[in-house]
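The values are calculated or read from the model by the stated rules, or taken from the named source; none is laboratory data. If you're wondering where the values come from, they're calculated on a predicted model, not measured in any experiment. Don't worry about glycine lacking a Cβ; one is built from the backbone with ideal geometry, like all the others, and counts go over all protein chains shown.
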Ligand SMILES: *Cc1c(COP(=O)(O)O)cnc(C)c1O
């Protein structure tokens, strides 16, 4: 019997274990410690930003950035309809209204052509999401934002290390937000990071992260803040992972290439890839769409894969379809999300396991005649 092939699994090696041991033995188990400083410094370096601030997870990293940029009730924030729910929820925590933008059919990211038509006098920020590791069109989005005096927060939770013209995502907007959940490019268990080049935004976020305690007077608070801190133990894991990030991303690219080679012979299946001369995707998760497929058939395919011991997951659903948000006219999101799924993409997956996934997929697609 073949081993179960999960969709994702973190790669933990000796260096992670060593740094974790060091952190615990040092006694610095909460949110002060050397690993916090090192992880923040090196992550800022990695992204090419001046500052980086660790947080307890990616969702609160988004919230922290929004609060620091003074987003509040009655403001409007534009996000792509195709994302993980956290992007929308973080906006809702501020009381601002979520405005859904459709996605581009080629990049699966925010459609910058529709963006302009959604901007009103209430629009305060745009959150482009680098979905599944594929960069958004940041040149256009930042240009439009600048013309209208709107902030840009990049949701790079799935795209650590992705690049546009050699520049890392998370360094284009006013803030960049990352997640280190167990299935992300690198992990701290739970964890997040906000990057920025702006010292004022940085200081504001740093204060708010720690109950808005006055930097001059301990235990004096002049506004309501949060406990959004990461622990030194988590940072030890994150810092170890960061020393290996190039290796991890290289493996993701190899995995993509292996899938691509195999998929050549699978009819009717589109394998997503936005890498070109200017854009580098980090292939957080392999994305495929079955061209002649409705949602039911897609779910049948996932079930059949599961019976063969192969894990998969559906594309995100349009957030605007969910009961707590209001519906939006986003045809690309609606069309693509129903026929897409993600396949196993993790550092330790073996080449022959990728081949097996593709062979089984080929059979299932042929059997269901949806290729
Ligand atoms: C994972 C993720 C988040 C939230 O990160 P958590 O660390 O899980 O809170 C936000 N946005 C996107 C696009 C994500 O994939």
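At-a-glance table
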{"quantity": "Some residue of the stretch 113-127 being within 11 Å of the ligand (Cβ to nearest atom) and crowded, with 24+ Cβ neighbours inside 10 Å", "calculated": "yes"}
{"quantity": "Flag if residue 255 is under 25 Å from the mean Cα position of the chain (by Cα), touching a residue at least 24 places away in the same chain (Cβ under 8 Å) and crowded, with 19+ Cβ neighbours inside 10 Å", "calculated": "yes"}
{"quantity": "Residue within the stretch 267-286 that is assigned to a helix (DSSP H, G or I) and at negative phi present", "calculated": "no"}
{"quantity": "Flag if residue 105 is in contact with a helix residue (DSSP H, G or I) (Cβ under 7 Å, 6 or more places away or on another chain), at pLDDT 95 or above and away from the ligand (no atom under 16 Å from the Cβ)", "calculated": "yes"}
{"quantity": "Matching entry among 153, 99 (being closer than 27 Å to residue 45 by Cα and touching a residue at least 12 places away in the same chain (Cβ under 8 Å))", "calculated": "153"}
{"quantity": "Selection from the stretch 230-246 of residues that are over 16 Å from residue 162 (Cβ atoms) and surrounded by fewer than 21 Cβ atoms within 10 Å (Cβ to Cβ)", "calculated": "243, 244"}
{"quantity": "Verdict on residue 84 being in contact with a helix residue (DSSP H, G or I) (Cβ under 6 Å, 6 or more places away or on another chain) and surrounded by 18 or more Cβ atoms within 10 Å (Cβ to Cβ)", "calculated": "no"}
{"quantity": "Options 81, 155: the member that is under 21 Å from residue 317 (Cα atoms), modelled with pLDDT of 95 or more and within 10 Å of the ligand (Cβ to nearest atom)", "calculated": "155"}
{"quantity": "Condition broken by residue 94, with the remaining ones in (1) within 20 Å of the chain's Cα centre (by Cα); (2) within 16 Å of the ligand (Cβ to nearest atom) satisfied", "calculated": "(1)"}
{"quantity": "Residue 170 being under 24 Å from residue 247 (Cα atoms), part of a strand (DSSP E or B) and within 13 Å of the ligand (Cβ to nearest atom)", "calculated": "no"}
{"quantity": "Meets criteria (within 16 Å of the ligand (Cβ to nearest atom) and surrounded by fewer than 19 Cβ atoms within 10 Å (Cβ to Cβ)) for residue 132", "calculated": "no"}
